[in-house]
Each structure stands twice: as C-alpha cells, then as structure tokens.
Amino acid sequence: MKKKEKNSTGAFALRIALALALTSISAILLASSFTPPAVGPQPDRPTPDVVAMAGPVSQNLDLRALPYIAPNEENEERRLTRHPFPLATATSHQQSSNPGEQFTQQLMQRVLAPTPNMPAPILTFAGMNSTQSGCGCLPPDSDGDVGPNHYINSVNSSIKIFDKLGTPLNGTNGTTYNSFFSTLGAGNPCGNNNNDGDGIVFYDHMADRWVVSDFAFPAFPGTSFWQCIGVSKTSDPVAGGWWLYAVQVDPAHNNYLGDYPKFGLWPDAYYLSMNEFSNQTTFNGVRVYALDRNSMINGGSAHAIGFSILPADLGNQYSLVPASFRTGDPPPAGQPEWFMDVNSSAIAGTVETQVFVRRFHVDFGTPANSSFGAGAGHTPDGIITVNGFKDAFKSTTSNIVPNGQSVLTNQWLDTLGDKIMYPLIYQNRGGTESIYADQTILLATDGTLNGPTAVRWYQFNMTGNTIPATPVQQQDWNNGADGLFRWMPSINVDWQGNVAIGYTASSTTVNPGIRYAGRLAGDPLNNMAQGEATLIAAGGHQTSTSGRWGDYSTMFVDPSDSCTFWHVNEYYTATSGASWATRIGSFKFSQGNHFRSAFPKEFGGMITHIPQSLHHHSLSFHTCGKAESFHYIFHMQDFADTVKHTQPGGFPSSPDTALGHRFARNTTQRIDFAGPHAHVCVKDPGHLPFTRSIIRGGNVSAGADKILFDEFGCITPRNFFQLVS
C-alpha cells in the first residue's frame with residue numbers, strides 16, 4: 001500500500017595469495033522425498049472457492065484517447081506486516097562470544113570479493129516520477145517488464161509505456177489506473193475510480209500479451225476490496241485494446257483487504273497471492289488465486305479458483321510469492337505452480353533457516369480437483385533448510401537503512417526484510433528445473449540488528465516436481481562486506497543460466513542508488529562472481545520520516561533474445577521529502593555458449609497456408625553470445641508436403657547443399673527465401689546429420705506478422721518468420 005506524502009523542495013578489496021588457496025566445498029544435495037499432491041478431492045482437503053470474475057469488458061480505445069482520471073491520494077500510517085511493531089527481542093542475538101569472529105568473517109569476505117566484471121548498462125532512461133504519477137504518494141511501488149517492442153513501467157498509481165529506446169508512447173504522464181480500468185464501470189471499485197496502487201505489470205511471452213493489475217477499494221477499513229486485471233488483446237499495449245476483469249479479494253470476508261498482491265506466470269493460469277488485513281494491525285491470513293489464463297487471453301468469461309490460509313496455519317509466515325516462467329523450456333505438462341515464502345519473525349533477532357514451499361494444482365474444468373499446499377490447513381508441501389539469517393528489522397522498526405546521511409535516523413528507510421521478493425523465477429534448462437529467489441536479510445552473526453543489510457539469493461533444484469532438502473546454491477551478497485546496505489532486490493536468470501540481481505545500495509555517506517550484480521552459469525557456486533555495477537547513482541536522498549521505500553523492484557529478461565536483463569528501481573535525482581524517481585536500464589553478459597556445445601541439434605518452424613501470391617518470406621533471429629559459424633538448410637515444400645527444392649542461404653541451389661555462414665555476436669540476422677510452404681532448420685557447426693525436423697511454435701495464416709519458437713543454442717526463443725512485400 002501507499003502513503004500520501006507532501007512533496008518538498010568502498011573499501012578497497014584486499015586480495016592476497018591466501019585467496020588462491022581457499023576453495024569452496026559444495027555438499028551433495030539430495031532431493032527430499034516429498035510426495036506430489038494427489039489429484040481430486042481428498043478427505044483432508046477443503047474444496048476451493050470458485051469466484052466468478054467481473055468482465056470481460058472490452059476496452060478498444062488507444063490508451064492515449066482515454067479521458068484523464070486523476071489517481072487517488074490514500075493515507076497509510078504504516079506498512080502492513082505479519083506482526084505489528086513493537087516486537088519482542090530475541091535473547092540469543094547478542095554478538096559472538098569470540099570478539100574476533102565477526103572481524104575475521106568480514107576480512108575473509110573482503111579477501112574473496114569478486115573483481116568487478118559486470119557489464120555496463122546498455123542504456124538507461126527515466127521511468128515515471130512522483131510528479132508524473134500524480135498521486136503524491138510513498139512508496140512508488142516501482143515495477144515493470146519488457147516485451148518484444150515495449151517496456152511498461154508501473155508506479156503508484158499509473159502505467160507508462162515506452163519503446164525500447166525509452167521513448168514514451170502513452171504521454172508524458174502515462175495512464176492512471178483509474179483511467180485504465182474506467183471502462184469496467186461503477187459496479188465495482190476498479191471502474192469507479194477507486195484504484196489504490198500496488199500495481200503489477202508483466203509480459204506473457206507464451207501468448208504475446210501484456211497483463212496489468214492493481215487493487216481497488218473505496219476505504220480501508222471497509223467492505224469492498226477488489227483486484228483489477230487487464231489483459232491486452234494484442235502485442236500492442238498502447239493501441240491494441242484490452243480485456244478488463246476484476247475479482248473480489250475474499251467474497252466470504254468482504255472486509256478483508258488483499259495487500260501486497262503478487263503474480264506468477266504459469267502455462268495453465270495467472271497465479272495471485274495477497275496478504276489479508278481487516279485493519280492496520282489485524283492480519284487475517286493469505287489469499288491465493290488461480291486465474292483462468294486461457295480464457296482471459298481470449299477475452300472469455302473467467303473464474304478464479306481460490307484458497308485462504310488462516311493465521312493459525314501460517315505461524316509466522318505471510319507474503320507467499322508464486323513462481324514465474326520466462327526463459328528456458330516450459331514446465332512439464334501438468335506441473336503444479338510453486339509458491340515460496342519465509343518467516344516474518346515474531347521476535348526480532350531470531351535466526352531463521354527455512355524456506356516454505358507449496359504447490360498449487362488447478363483444475364478449471366473440475367474445480368474440486370484443485371489443491372493448494374497440504375491438508376486442510378494448506379500447510380507447506382515441503383520445507384527447504386537454508387543457511388541462517390535474520391529478518392531485517394529491530395523490535396521497534398524495519399526502518400534501519402541509512403538514506404545517505406547519519407544524523408537524522410528518523411529519515412532512514414524500510415528494508416521490507418521479512419519476505420521473499422518478487423519475482424520468483426522458474427527455469428527449465430534441458431530438463432533441470434530451478435527456482436531462483438532473493439530477499440533482504442541481516443547476517444545471522446549481526447548481534448546489534450543494525451546491519452548492514454545484505455541480499456540473500458538462492459537457487460533450488462525442483463526437477464521432477466520434487467522439493468529439495470537444501471539449495472543448490474545460496475549467498476549473502478554484500479560485495480565483500482564493503483559497508484553498504486543492499487536491499488529491495490529482484491532476481492532473474494537468462495537462458496544460459498547466468499544470474500543477475502538488481503537492488504538499491506546506500507550508507508550514511510552514499511545516497512540510495514541503483515546497482516546490480518551477477519554470475520555466469522560456469523562460475524563457482526554460491527557467489528556473484530562477476531561483481532557489481534552501477535545502473536545509476538543518486539543525486540540526493542529522501543527526507544520523509546515515513547521510511548517508505550520500494551515496496552519492490554523488478555528484474556526481467558528480454559523475450560526478444562532471452563539474454564538482456566531489464567531492471568527498474570527507485571532513486572532520487574535531488575534531495576527532497578518525497579519527489580522520488582524511477583530508472584529503467586538494461587544490460588547483458590557478453591559470454592555466450594557455443595551453439596554446438598550447448599544444443600547440437602536443429603531448430604525449426606513451419607509456416608502453412610500461405611497463398612501462392614505471398615511467396616516471399618524471411619527468417620530473422622538474434623545471436624546473443626559469441627560469434628558462431630554454423631550451417632543452415634532451408635527445406636521448401638509445396639502444399640502436398642513433397643520436397644520442392646532445398647535452398648541454402650536463402651537462394652536457389654541443388655538439394656542437400658549447405659552453406660556455411662558466420663554471424664557476428666549480438667546482431668539480428670535476416671535471411672530471405674522463397675516458397676509457398678517453408679520448413680527451416682539450422683544445423684550445428686559439427687555438421688550433424690539432418691535426421692529430423694523439430695517444429696516449434698505453430699501455424700500462421702497470411703497476414704500474421706510472426707511465429708514464435710523455443711530457443712536452441714544462441715538462437716532467440718522469439719525467432720520469427722515475417723511476411724514481406
């Protein structure tokens with residue numbers, strides 16, 4: 001939630017020979033024997049709530065033609081948390097009895113700090129700021145995602161759409177959520193100008209659609225709380241039209257607000273999680289939904305399948321995050337969605353060692369077959385044991401991050417260090433299924449609870465619908481204990497398995513700026529070995545005493561090449577009370593896998609039912625790693641599926657002739673060829689026998705602009721055939 005706020009005007013890393021002698025010993029990680037959930041109604045499993053969604057309502061106007069409806073200015077005195085402050089303080093959080101232990105650990109971190117090799121930003125540009133948003137609120141809830149041609153930035157309480165060079169496409173001030181959802185009408189708060197923020201936007205690469213969402217309610221406390229959802233009709237989020245929906249947070253408890261909503265993209269549904277509150281201090285549980293994605297992307301009527309977890313069954317948990325699929329192969333057919341969370345300790349200074357995991361199996365045809373978690377209480381399906389950490393708060397406050405100065409500690413900033421952060425990322429690389437997660441923590445050895453905070457990140461092996469006992473890798477990232485506070489992270493992974501995290505970094509002398517760190521897939525485990533880079537340094541800091549910052553950021557990978565990371569976060573261009581800004585930037589690793597060593601097979605696709613008059617086509621693809629020589633063969637077929645002729649390099653030649661061609665890295669290639677019915681395959685550099693055709697994507701009809709493929713080697717998963725005149 002947002003708060004209305006009146007606007008007003010390193011240490012050098014030691015590297016000695018000892019580092020060469022130190023090695024990291026990785027334990028053999030065994031997957032736990034947690035049993036996948038049974039399908040169908042079970043005696044100990046409650047039936048889900050089946051909630052009819054309002055809509056769809058067709059919104060056909062170009063967003064630039066929508067009437068401007070000002071955003072709401074909503075007051076909130078505190079962030080809604082699992083346990084309201086003040087809290088008790090653990091008696092076991094004092095510093096180690098060995099006074100040299102913490103110093104030794106910090107020294108070793110500095111000795112082993114990575115040499116900075118992170119790539120510089122490709123570009124950065126200004127996202128929305130507090131003036132453009134129009135709501136004058138804190139925090140901005142900075143969020144965004146990237147598609148093939150657009151970047152959409154969401155803040156409280158508007159969205160702004162850019163092309164990928166940073167040019168605004170829907171006006172200087174974007175589109176308010178009140179304007180965006182106004183077509184829903186006055187029947188619920190979404191269409192009645194009651195949109196209140198916590199916005200989320202993401203790109204659905206499987207459908208080539210955009211999803212935009214926020215929550216709406218007339219008052220809190222109150223009796224009408226809704227989640228508003230828009231799904232684009234086309235790949236064009238500005239002029240292509242939208243299907244608008246809304247779902248009530250909890251029809252059985254109309255006084256429950258669904259706070260801090262987070263989404264997950266999965267093949268069978270859009271998944272949603274919310275924390276329920278009936279007032280500023282009363283936590284009522286967690287609400288989860290599966291939204292009928294297949295119906296929504298086609299503008300059909302939709303139901304939401306929902307479950308609620310009561311506080312008694314959660315213990316100290318809240319803020320469950322559903323996983324999102326973006327790069328790599330899709331999850332196996334029938335794989336349930338994953339949700340993860342951590343404890344928000346009731347006692348400050350508690351050393352936590354658990355990540356909780358639940359499965360959500362949805363069946364829209366027979367809703368009673370749906371299930372979430374284990375048993376009647378929806379308890380975790382499994383618990384992963386991780387290295388100890390402390391939630392990033394004291395007994396009195398979570399505002400422990402310096403805002404760039406040390407004197408006025410009442411201006412310090414909120415860590416949100418009691419939860420797994422959004423997005424939670426799923427990747428399937430050649431059958432190995434992983435989930436990547438991150439959070440803000442205090443080190444387990446922090447005896448004062450004063451920080452600095454660090455970014456804890458994880459990789460979990462979830463292959464075969466199993467829940468592991470421990471992570472594949474994990475780390476408390478603090479760049480060699482350089483003294484900076486790092487918080488508000490978001491993580492993602494490119495198709496090669498390279499990982500990047502974006503976050504905010506500050507100290508008593510460094511204004512909160514935006515940075516990022518990363519590792520290559522081949523780097524030693526448990527380390528952001530490529531070091532840290534700066535997306536943008538801040539020109540000032542926030543002087544508000546609210547402490548509100550974030551409440552989240554996002555890192556996503558460009559679906560056009562599955563290589564380029566895009567990050568958005570909050571910062572200040574000048575010192576002020578609440579005149580925040582957001583910055584959007586992109587970068588990618590220069591290292592790439594060789595086509596042969598990574599995927600020594602063909603890739604391919606099919607165009608069918610193209611009229612003879614439209615016989616000129618082209619194949620475009622993007623190389624994302626090292627320059628690579630490989631051979632390609634075009635099989636041209638007529639409508640009777642008989643081989644007409646083979647064209648190497650896009651030009652007529654004798655059958656079975658291959659032409660070698662070297663493509664420069666990080667460039668888009670275009671190969672022209674002719675024929676009414678084409679099947680294209682690319683062979684690897686080793687000239688492996690062409691034994692079969694791999695069809696990826698589907699059929700397109702005349703006039704369609706592209707066909708999508710899965711990724712192989714350094715070929716983008718957004719390969720496309722494009723009709724040209």
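The values are calculated or read from the model by the stated rules, or taken from the named source; none is laboratory data. The model shown is predicted, which means the values in this text are computed figures rather than measured ones. As a convention, Cβ positions derive from the backbone with ideal geometry for all residues, glycine included, and neighbour counts pool all protein chains shown.
Can you find a residue in region 371-392 that is surrounded by 24 or more Cβ atoms within 10 Å (Cβ to Cβ), under 30 Å from residue 60 (Cα atoms) and in the same structural domain as residue 563 (by TED's automatic domain parsing)?
no
Please name all residue pairs, on different chains or six or more residues apart, with Cβ atoms under 8 Å, provided the first residue is in region 476-488 and is farther than 20 Å from residue 549 by Cβ and the second residue is at pLDDT 95 or above and among the β-branched types (Val, Ile, Thr).
From residues that are farther than 20 Å from residue 549 by Cβ, the pairs are 476/441; 476/455.
Look at residue 245 and say whether it is more than 26 Å from residue 170 (Cα to Cα) and assigned to a strand (DSSP E or B).
no
Residue-by-condition table, conditions (1) surrounded by fewer than 24 Cβ atoms within 10 Å (Cβ to Cβ); (2) modelled with pLDDT under 95; (3) within 21 Å of residue 574 (Cα to Cα):
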{"site": "126", "(1), (2), (3)": "yes, no, yes"}
{"site": "134", "(1), (2), (3)": "yes, yes, yes"}
{"site": "144", "(1), (2), (3)": "no, no, no"}
{"site": "156", "(1), (2), (3)": "no, yes, yes"}
{"site": "159", "(1), (2), (3)": "no, no, no"}
{"site": "165", "(1), (2), (3)": "yes, no, no"}
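Looking at region 303-347, which of its residues are hydroxyl-bearing (Ser, Thr, Tyr) and touching a Gly at 6+ places or on another chain (Cβ under 7 Å)?
Answer for region 303-347, where residues must be hydroxyl-bearing (Ser, Thr, Tyr) and touching a Gly at 6+ places or on another chain (Cβ under 7 Å): 308, 324.
Given the options 285, 306, 388, 377, name the one that is in contact with a helix residue (DSSP H, G or I) (Cβ under 6 Å, 6 or more places away or on another chain), modelled with pLDDT of 95 or more, farther than 30 Å from residue 496 by Cβ and not in a loop (DSSP other than H, G, I, E, B).
Selected residue: 285, the only one of 285, 306, 388, 377 that is in contact with a helix residue (DSSP H, G or I) (Cβ under 6 Å, 6 or more places away or on another chain), modelled with pLDDT of 95 or more, farther than 30 Å from residue 496 by Cβ and not in a loop (DSSP other than H, G, I, E, B).
For residue 140, only one of the following conditions fails: (1) crowded, with 19+ Cβ neighbours inside 10 Å; (2) within 23 Å of residue 564 (Cβ to Cβ); (3) within 20 Å of the chain's Cα centre (by Cα). What is its number?
Residue 140 satisfies all of (1) crowded, with 19+ Cβ neighbours inside 10 Å; (2) within 23 Å of residue 564 (Cβ to Cβ); (3) within 20 Å of the chain's Cα centre (by Cα) except (2).
Hey, among the residues in region 555-587 that are under 19 Å from residue 328 (Cα atoms) and in contact with a Gly (Cβ under 7 Å, 6 or more places away or on another chain), which one's modelled with the highest pLDDT?
Out of the qualifying residues, it is 555.
Residue 319 versus (1) farther than 30 Å from residue 205 by Cα; (2) small (Gly, Ala, Ser); (3) surrounded by 22 or more Cβ atoms within 10 Å (Cβ to Cβ): which is the lone unmet condition?
So residue 319 meets the others, but not (1).
From the list 411, 439, exactly one residue is at pLDDT 95 or above and surrounded by fewer than 24 Cβ atoms within 10 Å (Cβ to Cβ). Which is it? Spell out the reasoning first.
Details: 439 fails: surrounded by fewer than 24 Cβ atoms within 10 Å (Cβ to Cβ).
After ruling out the rest, the residue left standing is 411.
Looking at 279, 294, 255, 298, which is the one that is among the polar types (S, T, N, Q), assigned to a loop (DSSP other than H, G, I, E, B), in contact with a Gly (Cβ under 9 Å, 6 or more places away or on another chain) and surrounded by fewer than 24 Cβ atoms within 10 Å (Cβ to Cβ)?
255
Given 259, 292, 250, which one is closer than 17 Å to residue 321 by Cα, of a type in the set (Asp, Glu) and out of contact with any helix residue (DSSP H, G or I) (no Cβ under 9 Å at 6 or more places or on another chain)?
On the way: 292 fails: closer than 17 Å to residue 321 by Cα; 250 fails: closer than 17 Å to residue 321 by Cα.
When all the criteria are applied, what remains is 259.
Return the only residue of 372, 393, 389 being within 26 Å of residue 306 (Cα to Cα) and hydrophobic (A, V, I, L, M, F, W, C).
372
Report every pair of residues separated by at least 6 positions or lying on different chains whose Cβ atoms are under 6 Å apart, first residue within region 516-538 and over 16 Å from residue 488 (Cβ atoms) and in the same structural domain as residue 583 (by TED's automatic domain parsing), second part of a loop (DSSP other than H, G, I, E, B) and of a type in the set (Gly, Ala, Ser).
Every condition considered, the pairs that remain are 519/529; 521/497; 523/529; 524/24; 525/26.
Being over 23 Å from the mean Cα position of the chain (by Cα) and among the hydroxyl-bearing types (Ser, Thr, Tyr) is the filter; apply it to region 339-391 and report the residue that is farthest from residue 450 (Cα to Cα).
The residue in question is 366.
Give me the residue from region 550-584 that is surrounded by 23 or more Cβ atoms within 10 Å (Cβ to Cβ) and among the hydroxyl-bearing types (Ser, Thr, Tyr) and, out of that set, nearest to the chain's Cα centre (by Cα).
554
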